[in-house]
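As structure tokens, the structure follows; a few thoughts come after it.
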Amino acid sequence: MNRKWRTAGVVALTGVLGMTALVGCGETPASGQPSIAPHADKASSGHAIGGTISMIGGPGGTFVNENNPFAPGANNSPAEPIIYEPLAQWNSANGKYIPWLATSWTWNASNTVLTVQLRHGVKWSNGTAFTSKDVAFTFNMLHKYPASDFNGLWSYLKSVSADGPYAVKFTLKKPNSMFFYYMASQTVIVPEAIWSHENPTTWVNPHPVGTGPYVLSSFTPETVTMTRNPHYWQGPKPYLQTIKFPAEQSNTTTVLSLAQNQIQWGGTFSFDLQRSYVNRDPKDNHVGLYPNGMDVLYVNNQVYPMNLQVVRQAMSLAINRTQLANVAWSGYSPAVKDLTGITPGMDKTWSTPTLQHDYAVQYNPTKAKQMLLKAGFKMGANGTLLTPKGKPFNITIDVPTPYTDFTAASQQIAQQLKQIGINVTLQNNSANTYYNKLQQGQFDIGICWSPWGANPFFTLYPFMSQQFSKPMGQNASANFERYDNPQVEALGQKFLQTNDQSKQVPIVRQLAKIFATQLPVIPLTYRNTPIEYSTKNIGGWPTSSNPYWNLNEGNLPVLVNLYWHN
């Protein structure tokens, strides 16, 4: 499932001080599962303009015509991430940045002043010129409206100013190894001439103007249609004339639409993609599995008794992750082996055999129940635990019903926790409602994906730092559970001030130990995102011979390369 075509809300940090991302660390499908991977294709050039692609990031139901990337809690239409562009794209396929609206960037000797050179000749989709004033305005707008500064850029920034028509100067308060990723690849640029008259925290922006390859052509709650931007700076790209986003209600209906070639690009889970999709047209129906962090159980650390460490530890012991991986994720996403939050491929550098041994995953419901009874819980007459305060241990798990894997996993977890006396009620939600409740802290427990990026710091720190949290009722960017630990903040600041990996590694290991011991969230599986795509009439996809982009990492770099063929 790729529920968001861009990674907004899913922190995937990379370094500004020369850190190399370790992403794309391979996961192998479990035994008995298809070995689904990017296909091999021949390179082509000189493509004609024309053709239509239908695509969907995930079945979220009907659309709302909101196109504001800076509005807190907005239910943006799928057009927005294609209309607005960042200064650079982070390419997890090879660990490098792709210059986009920016062409280059340089730091001063102390890594406190960043000068970005902008691309010449870029126009907004209304034909007006894109300049450094637009870039400086965008970042200063986030300073003026802090609720729109989702990534906390102004906790690092001292000032942003235009330096001539094609350069922008960013001055930091002190060096910070997360700033560049957020600034360059996770902040899109908007036109000053339009946005200077609007409040970015509330504006719905029904007629968006951007620099992206497509413009919004028509909108209905059931279908969003986009057409080529005639002013696009990469002309003659894009080659496809039209993009359609159909509204889908569930994973099941989406996979059927994919199998019937009504949708040519999707990010949707099915319990058997080989049978339900690939086998329908083995020549042209393809699925790639892309490692993407973890699936985790968020546990609200502000709600009693989940704020007790022993409760979270007992929950972890009561969850049969192997069963979850096989039943809910069909083996595509394997069970985590330890509780450190460090994913395979990164563990050789950032973890140790001792950490992996000491915090290896255990499934032991008997031990879980004993821990809770020792901590003052009592077993009630009906088999439900009573908390030390004498109240029944009743909680709710929020379920995004369009997502069959999360639904199945939630059902499994409810059954497994009941075995130790925790009574879990399933609360069905629309996709948007479920995610908004997680962001705002309005939940007891709920399954979701993890932040993930260049190394384990970019999972562990966003999970646990107050920088990625907000007061209850406001949208947090990653620390949905509202975990608070001054030791995490101190370790994080030490990490951010150095580019010396020999100093960073022991910091990450300390964070991993805190995470594994206190379990602010409970790791479940190593997440592999399935992406479906058809080559029947569309070429230009990333291939095994030309893996220029990971298909689950946003769609702009792919859309500009796709073309129609008969």
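Average projection, convex hull of the Cα set of region 291-528: 12.3 square nanometres. In the calculated pair-distance distribution of region 479-556, the portion above 17 angstrom amounts to 66 percent of the Cα-Cα pairs.
Diagonalising the gyration tensor over the Cα atoms of region 113-190 and scaling each eigenvalue by 5 before taking the square root yields semi-axes of 21, 14, 11 Å, largest first.
Sites listed here are trypsin sites (Lys or Arg not before Pro) in region 239-309 whose DSSP assignment is loop and whose Cβ has at most 10 other Cβ atoms within 10 Å: LYS283.
Take the Cα of VAL310, step 7 Å along the line toward its Cβ, and report every residue of region 356-371 whose backbone nitrogen sits under 16 Å from that point. Taking a point 7 Å out along Cα→Cβ of VAL310, the residues of region 356-371 whose backbone N falls under 16 Å are 366-371. Pairs from the list LYS244/LYS283; LYS244/LYS348; LYS96/LYS337; LYS144/LYS244; LYS144/LYS503; LYS470/LYS494 with a Cα-Cα gap above 32 Å: LYS244/LYS348; LYS144/LYS244; LYS144/LYS503. Across the chain, the longest piece that holds none of the GluC sites (Glu not before Pro) lying in DSSP loops with up to 16 other C-beta atoms within 10 Å covers 223-566. Annotation: amide H-H contacts under 5 Å for ALA167 (H modelled 1.01 Å from N, sequence separation of 5 or more, or interchain): LEU118, SER132. A cut-off of 5 Å between modelled amide H atoms, ignoring neighbours fewer than 5 places along the same chain, links SER217 with THR225, MET226, THR227.
Helical content alone sets the calculated 222 nm signal of the chain at -6500 deg cm²/dmol, taking -39,500 (n - 2.57) per DSSP H segment of four or more residues and averaging over every residue.
Percent of C-alpha pairs per 5 Å bin in region 412-566, short distances first: 1, 7, 13, 14, 14, 14, 13, 10, 7, 4, 1, 0.
If R0 is taken as 30 Å, the Cβ-Cβ distance between LYS348 and GLN497 corresponds to a FRET efficiency of 0.75.
Rg and Dmax, both from the Cα atoms of region 65-209 and both in Å, are 14.7, 45. Working from the Cα coordinates of region 398-480, the gyration tensor eigenvalues give, after taking √(5λ), semi-axes of 24, 15, 13 Å in decreasing order.
May I ask for the angle, rounded to the nearest 10°, between helix 365-374 and the longest principal axis of the chain, with both axes built from Cα atoms and the value confined to 0 to 90°? The two axes meet at around 70 degrees. Listed from fewest to most Cβ neighbours within 10 Å, the set ASP405, ASP358 follows the order ASP358, ASP405. For the chain, the spread of Cα coordinates along the three principal axes comes to 71, 56, 42 Å, biggest extent given first.
Readers should treat all values here as calculations from the given coordinates under stated rules, not as data from a laboratory. Since we're looking at a predicted model, the values are computed, not measured. With ideal geometry, Cβ positions are generated from the backbone for all residues, glycine too; neighbour counts draw on all protein chains shown.
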